[in-house]
Structures are given as C-alpha cells and as structure tokens.
Amino acid sequence: MSDLLAALNALRERLTEVPQADERRLRELKTEILGRKAGALTHILAAVPSLEPKDRKAVGGVANALKRDFETAFAARERELKRASVAAGDLDLTMPGRAGWQGGLHLVTQVVDEICEIFRELGFTRAVGPEAESERNNFYALNFPHDHPALDAQDSFYVGDGVVLRTHTSPVQIRTLEAYPPPIRVVIPGQVYRRDPFDPSHSPVFEQIEGLVVDEGVTFVDLKAALTAFARRFFTSDTTVRFRPSYFPFTEPSAEMDVRCQICKGSGCPTCKQSGWMEILGSGMVHPAVLDNCGVDSERYTGYAFGMGPERIAMNRYGVSDIRLFWEDDVRFLSQFARPHR
Ligand code: PHE
C-alpha cells in the first residue's frame, strides 16, 4: 500500500514534463502513463480491486485524481501544439475547399424571363395581374357566353361568390385595356389554375404568358410576324412555324401556332406524339366585343392577343418528360439548370 502511494507520488512529479513535451514526446508520455497495456498509472489502477477495503479507498482516490490531472494536462498541451502549428503555417492551403451551396432561378422562371426579354426587344412592356379574379374579368368581359363550360365549378376553382382563381392570364387583357389607352403592347406572365389532376402533361396550376397589342391598323400580318420572329429568336433562326385555325371567345379569327418539334426536328418522336410539331400558343385578333366591353373604340382600334405555356416550351426545349418535375422542388433535378443569376 505505501509502495503504491510512493509510486503515485513519483508519477505526480512527471506532470511537470507535460507542458514542455513536443508532439512526439507527448505521445510517448501518454503511452507510458495512461497506455492501455503498459501505462504506469493503468497498472496501479488495475491493482486497486485486490487491496484491503480501507486501502482500496485511499489508493483508488489518489490514483483516479491523478488520472484526471494527467488527462487535463495532455489535452491542454495538445491544444497548444495544434494552435502553434497552425500559426507556423502548417495549414495546407492547397487542400480543395468545400463549395458553398448556391441557389438559382427555377427553370420555368428562367424561360419566362427569356421569353419576356425577347418581347421587350419587340417593344412590349411586362405587366402582371392578380391570381384571384372576378368572373367578369376572367370570363364575361372576354366574351364568354354565360353557359360556357369553363364557368362550371367542375372546371374552375371558385374562391368566393363571383371570384375564381384565374383560369388563364387573359383577364389581364381586360385590366390593361381599362387602365391604359392604346397604343398597348404588353406581355403578362403569371400562374393560372384549372381543375385538372396532376399527370405527366397536366398540372392544376401552371404558368402562362399573355400578350396583347392594340393600336390603329394592327392586322393579322402583325400577329404572324411578331410570333414567328419570337419563335426564331427563342428556338433557332431556321425554326419553322405553322398557324392552324382555332377558336377562342375573345379573338376572331383565332389561330394556334405550332413550331417544329425541337427534339426530333420534325421526324416524329414520343414528345411530339409523332406529329413533328409542338403546339406552343393560342392567338387571334382581339374580338371587337372585348374592346367595346372595356370602353375602347373598336371602329378605330384593332389588336391581337396570344397566350403561351412556358412549362410546355421548357419541356420541349430541355427534354423534360413530366411537368410534375417542375413542382417537386428536387434540387437534383433543378440544379441541372442552375445558372448564376445576373
Ligand atoms: N387564354 C387562352 C388559353 O388559356 C389562350 C389565348 C390567349 C388565346 C390570347 C388567344 C389569345 O387557352
């Protein structure tokens, strides 16, 4: 027992060596004193259980306290050495860093901005309107008959009496015509809502870009020229387009515009359902009844309007096969299109 206490006292002396130790010496000291197999203090602690009960307490207490003192001293010296080595320039500055995470604009937002930018060059201003819209602006002022199926709650989301989530961006035509006198040239991006289930090509909420031009002497030739110029700027300069007769209550005559499928270049593929064409917008000459509803003189002014779907356009241009990917917010998908923004 006294042998053990003497040995512990001798060990305590060696605490003074710790603050002077260099890295190698520190490792040696740790093994010498606290090493799991041959450590001096480890040996003493291992002998404690075989002592008489009263001695066990005395020796055990001293030995455990000493163990804690050594551990504290070792840790303090290790911190000191580490700090000194960093200060001395042992830091490896060539080690590749961890790249910071950077956000970016959603692909659909990028496409919307790009489309609006092309129209800006053609003299169009960018405008917006609310997503909750009156039935009057969304339907009646646009010359929809009162029994039109789109007015059915089966097809549209009603948020109150006479208020719907707009089913298209065309009501902003009404707002624009009522707020500004011609000449008018606007593009209006925004989200619209329809009671459609989510599937690869439908979503209950999607993006549209509306266009409206009203002035004296605007003709169908202006419509074709502007929309063809847009398609050639957005896709490629040799892109072919075609206009097909169509029907909308608020335009007359009406036409849908197709562009050559960007994926198969017209030879037919699953994305264009083998047609070689992709429908990108509806358009037409503003119906005189719409101008009259907004207090614009339809004898003096004419105009054209169009509405396109940026998601569909983005899907065709980037080969995205499922519209739902735009809503899942999976960064593994979105980051493929990340561009540093300006
Ligand atoms: N609002 C129409 C739609 O959602 C598109 C359109 C806009 C057609 C403007 C003609 C003129 O389908």
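The values are calculated or read from the model by the stated rules, or taken from the named source; none is laboratory data. Computed from a prediction, not measured in an experiment: that's the story for all the values here. Because the Cβ atoms are built from the backbone with ideal geometry, glycine has one as well, and the counts that use them run over all protein chains shown. With ligands, DNA and RNA removed, areas are computed over all heavy atoms of the protein, side chains included. Shrake-Rupley method; radii C 1.70, N 1.55, O 1.52, S 1.80 Å.
Quick check: Cα centre of the stretch 80-125 to Cα centre of the stretch 184-261, how many Å?
35
What figure, in Å² to the nearest 10, do you get for the accessible area of Tyr193 with a 1.4 Å probe and non-protein molecules left out?
Number for this one is 40 Å².
Calculate the spin-label point distance for Trp101 paired with Arg56, positioning each point 7 Å from the Cα along the beta-carbon direction, and give it in nanometres.
Calculated label separation equals 5.5 nm.
Near Lys273, which lysines are there with a Cα under 18 Å away, not counting those fewer than 8 places off in the same chain?
Lys265
If you consider only alpha-carbon coordinates, what radius of gyration and Dmax does the stretch 107-337 have, in Å?
17.5, 54
According to the Cα gyration tensor, what semi-axes, each the square root of 5 times an eigenvalue, does the equivalent ellipsoid of the stretch 273-342 have, listed from largest to smallest in whole Å? Display every interim value, and only then the final one.
Values: eigenvalues 281, 56, 22 Å².
Equivalent ellipsoid of the stretch 273-342: 37, 17, 10 Å, largest first.
In square angstrom, rounded to the nearest 10, how much accessible surface does Arg120 have for a 1.4 Å probe?
It works out to around 140 Å².
Lys30: which lysines have alpha carbons under 18 Å from its alpha carbon, excluding same-chain residues fewer than 8 sequence positions away?
Lys67, Lys82
Could you check what % of the DSSP bridge pairs in the chain are antiparallel, to the nearest 5? If you can, show how the numbers build up before the last one.
Values: 43 of 45 bridges.
DSSP beta bridges in the chain are roughly 95 percent antiparallel.
Would you work out the relative contact order for the chain, in percent, from Cα pairs under 8 angstrom that are 6 or more residues apart?
On the way: 501 pairs, mean separation 51.5, N = 342.
Relative CO of the chain lands at 15 percent.
Rank these by accessible area, largest first, 1.4 Å probe: His202, His106, His43. Before the final figure, lay out the partial values.
Values: His202 80, His106 45, His43 110 Å².
Putting His202, His106, His43 in descending order of accessible area: His43, His202, His106.
Please calculate the 1.4 Å probe accessible area of Arg300, with all protein chains present, and give it to the nearest 10 Å².
Probe radius 1.4 Å; accessible area of Arg300 about 130 Å².
Tell me the Kirkwood hydrodynamic radius of the stretch 191-322 in angstroms, computed as one over the mean inverse distance between distinct C-alpha pairs. Please report the intermediate quantities before stating the final value.
Details: mean 1/r = 0.0628 Å⁻¹.
One over the average 1/r among Cα pairs gives 15.9 Å for the stretch 191-322.
Can you give me the Kirkwood hydrodynamic radius for the stretch 112-194, using every pair of distinct Cα atoms, in Å to one decimal? Let's see the in-between values first.
Details: mean 1/r = 0.0733 Å⁻¹.
This gives a value of 13.6 Å.
Full-extension gain between Ser237 and Arg83, please, as 0.36 nm times their residue separation minus the C-alpha to C-alpha distance. Walk me through the numbers before you get to the answer.
Numbers: separation 154, 0.36 × 154 = 55.44 nm, distance 6.26 nm.
The span from Ser237 to Arg83 would gain 49.2 nm if fully extended.
Rounded to the nearest 0.05, what FRET efficiency is calculated for Asp330 and Arg300 with R0 set to 45 Å and r the Cβ-Cβ distance? Show your work: numbers first, answer last.
Working: r = 52 Å, r/R0 = 1.16.
So the FRET efficiency works out to roughly 0.30.
Across the stretch 176-191, in residue order, what do the Karplus-derived ³J(HN,Hα) couplings come to in whole Hz, using 6.51 cos²θ - 1.76 cosθ + 1.60 with θ = phi - 60° and x for Gly and Pro?
5, 4, 7, 9, 10, x, x, x, 10, 9, 9, 10, 10, x, x, 8
Taking the simple approach of a point 7 Å from Cα along Cα-to-Cβ for both Glu71 and Ala229, what is their distance in nm?
A separation of 8.0 nm, rounded to one decimal place.
Let's test this: bin the Cα-Cα distances of the stretch 159-233 at 10 Å from zero up to the farthest pair and state each bin's percent.
Spelled out bin by bin, the stretch 159-233 gives 16, 37, 32, 15, 1 percent.
Could you list, by residue number, the cysteines of the chain that have no other cysteine's beta carbon within less than 4.7 Å of their beta carbon?
That list is Cys116, Cys294.
Convert 20 °C to kelvin, take the viscosity as 1.002 mPa s, use the Kirkwood radius over C-alpha pairs of the stretch 2-90 as Rh, and evaluate the Stokes-Einstein diffusion coefficient in µm²/s, rounded to a whole number. Provide the component values of the computation, followed by the final result.
On the way: Rh = 14.0 Å.
Estimated via Stokes-Einstein, D reaches 153 µm²/s.
Express the carbon and sulfur contribution to the solvent-accessible surface of the stretch 107-337 as a percent, rounded to the nearest whole number, probe 1.4 angstrom. Don't skip to the end; give the middle numbers.
Numbers: 5440 of 10680 Å².
Here carbon and sulfur together make up 51 percent of the probe-accessible area.
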